[in-house]
Amino acid sequence: MVLTLDQVSLSLHGRMLIQPFCLDIPAGGIVTLMGPSGVGKSSLLSFIAGDLEPPFSATGSITLDGRPLDDLSPESRRIGRLFQDDLLFPHLTVGENLLFGMPRGPKSAREAAMRAALSGAGLDGFAGRAPHTLSGGQRSRVALMRALLAQPGAMLLDEPFNKLDRDLRSAMRQFVFDHLRDRGIPCLMVTHDRDDVPDGGRILELTSSGEVIDA
């Protein structure tokens, strides 16, 4: 899978926030977007995901492995997202949270995939737990597994490590990056912390003038 942005720009009330730019993110590649607050980084992710709302507007095209996404609904784009908050459903168990986003199929196969995901995240036996009984790191791992079980073609990360303490943040970064690379999922990450950037990863800087440049 390759995520491609072609001459994408973003405006607010008709004022350009992000000047037109192009970007290719290869399978398993992680590109980091940095810049001051309020310049449109998270809104760019919303445009890619298909849920950008007025007064923002955007132009340009987005393709995933050559498939145009511009006219597709958010749920049809196969774009996964992780945020600062894990956004687990509090009324569902951990296992039910994971099953929620999975494609339809035989119940036994879906439950086996759910339990395998928990095992891979070091959370064996957690399927029946309520989300509020989990630690911050455990909740973050469940959120990632839920996103991956939906079989995304690309992933968007919006400062997903921001609320974790330093030691947990480092471990969670590695956990996320390893899973994305192993599955060949292209990823665009927004962060203010250079420590979040994977080793050797490409960094783009969104300037206050709206230019997107290699940092």
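The values are calculated or read from the model by the stated rules, or taken from the named source; none is laboratory data. This one's a predicted model, so the numbers in the text were calculated from it and none came from an experiment. Glycine gets a Cβ as well: all are built from the backbone with ideal geometry, and neighbour counts include every protein chain shown. Each accessible area value is taken on the protein alone, full model and side chains, heavy atoms only, with ligands, DNA and RNA left out. Shrake-Rupley method; radii C 1.70, N 1.55, O 1.52, S 1.80 Å.
Could you check how many percent of all C-alpha pairs in region 46-114 are farther apart than 14 Å?
Numbers: 1625 of 2346 pairs.
Of all Cα-Cα pairs in region 46-114, 69 percent lie more than 14 Å apart.
Counting each DSSP H run of 4 or more residues in the chain as -39500 (n - 2.57), what helix-only mean residue ellipticity at 222 nm follows after dividing by all residues, to the nearest 500 deg cm²/dmol?
Working: 5 runs with 62 residues, N = 215.
Helices in the chain give a 222 nm mean residue ellipticity of -9000 deg cm²/dmol.
With a point put 7 Å past each Cα toward its Cβ, work out how far ALA109 is from SER135 in nm, to one decimal.
Each label point lies 7 Å from its Cα, and together they span 3.6 nm.
Evaluate the charge dipole of region 1-129 about its Cα centre and quote only its size in Debye, nearest 20, assuming +1 on the Cβ of each Lys and Arg and -1 on the Cβ of each Asp and Glu. Mind dumping the intermediate values first?
On the way: 11 positive and 13 negative charges, 45 e Å.
The dipole of region 1-129 has a size of about 220 debye.
Assuming 0.36 nm per residue, please report the length gained on full extension of the stretch LEU87 to ARG202 beyond their Cα-Cα distance. Don't skip to the answer; put the middle values down first.
Numbers: separation 115, 0.36 × 115 = 41.40 nm, distance 2.79 nm.
Net length gain for the segment: 38.6 nm.
Please compute the volume of the convex hull spanned by the alpha-carbon atoms of region 1-112 and report it per residue in Å³. The partial results should precede the final answer.
On the way: hull volume 16.3 nm³, N = 112.
Measuring per residue, one finds 145 Å³ for the Cα hull of region 1-112.
Does region 122-215 come out rounded, prolate or oblate, given a ≥ b ≥ c as the square roots of the eigenvalues of its C-alpha gyration tensor, rounded meaning a/c under 1.5 and, failing that, prolate meaning a/b above b/c? Numbers along the way, then the final one.
Details: a/c = 2.30, a/b = 1.75, b/c = 1.31.
The shape class here is prolate.
Name the shape class, rounded, prolate or oblate, that the alpha-carbon gyration tensor gives for region 163-215, where a ≥ b ≥ c are the square roots of its eigenvalues, rounded holds for a/c under 1.5, and otherwise prolate holds if a/b is larger than b/c and oblate otherwise.
oblate
Solvent-accessible area per residue for the chain at a 1.4 Å probe radius, Å²?
On the way: 10340 Å² over 215 residues.
It amounts to 48 Å² per residue over the chain.
Please report, in whole Å, how far the alpha carbons of region 43-85 spread along each principal axis, starting with the longest.
Between the extreme Cα coordinates on each principal axis of region 43-85 lie 30, 23, 14 Å.
If you average the alpha carbon positions of region 135-195 and of region 1-59, how far apart do those two centres end up, in angstrom?
Measuring centre to centre over Cα atoms gives 19 Å.
Magnitude of the Cβ-charge dipole of the chain, K/R +1 and D/E -1, about the Cα centre, nearest 20 debye? Write down the numbers at each step before the final one.
Numbers: 22 positive and 26 negative charges, 137 e Å.
Here the size comes out at about 660 debye.
Ratio to report: Rg/Rh of region 99-176, with Cα atoms as the point set and Rh obtained by the Kirkwood method; give two decimals. The partial results should precede the final answer.
Details: Rg = 13.0 Å, Rh = 13.4 Å.
Ratio value, two decimals: 0.97.
Fully extended, how many nm does the chain gain between SER119 and ALA27 (0.36 nm per residue separation, minus their Cα-Cα distance)?
On the way: separation 92, 0.36 × 92 = 33.12 nm, distance 2.47 nm.
Once the chain is fully extended between SER119 and ALA27, it gains 30.6 nm.
With the crude spin-label approximation of a point 7 Å out along Cα→Cβ, what separation in nm comes out for ARG194 versus ASP51?
3.3
Taking a label point 7 Å from the Cα of ARG67 along the Cα→Cβ vector, which residues of region 1-37 have an amide N closer than 19 Å to it?
1-6, 24-29
Consider all pairwise Cα distances in region 42-167 and report the whole-number % of them above 18 Å.
Details: 4532 of 7875 pairs.
That tail contains 58 percent of the Cα-Cα pairs.
Tell me, what ³J(HN,Hα) does each residue in region 96-101 have, in order and in whole Hz, if you take phi through Karplus 6.51 cos²θ - 1.76 cosθ + 1.60 with θ = phi - 60° and put x for Gly and Pro?
5, 4, 5, 5, 4, x
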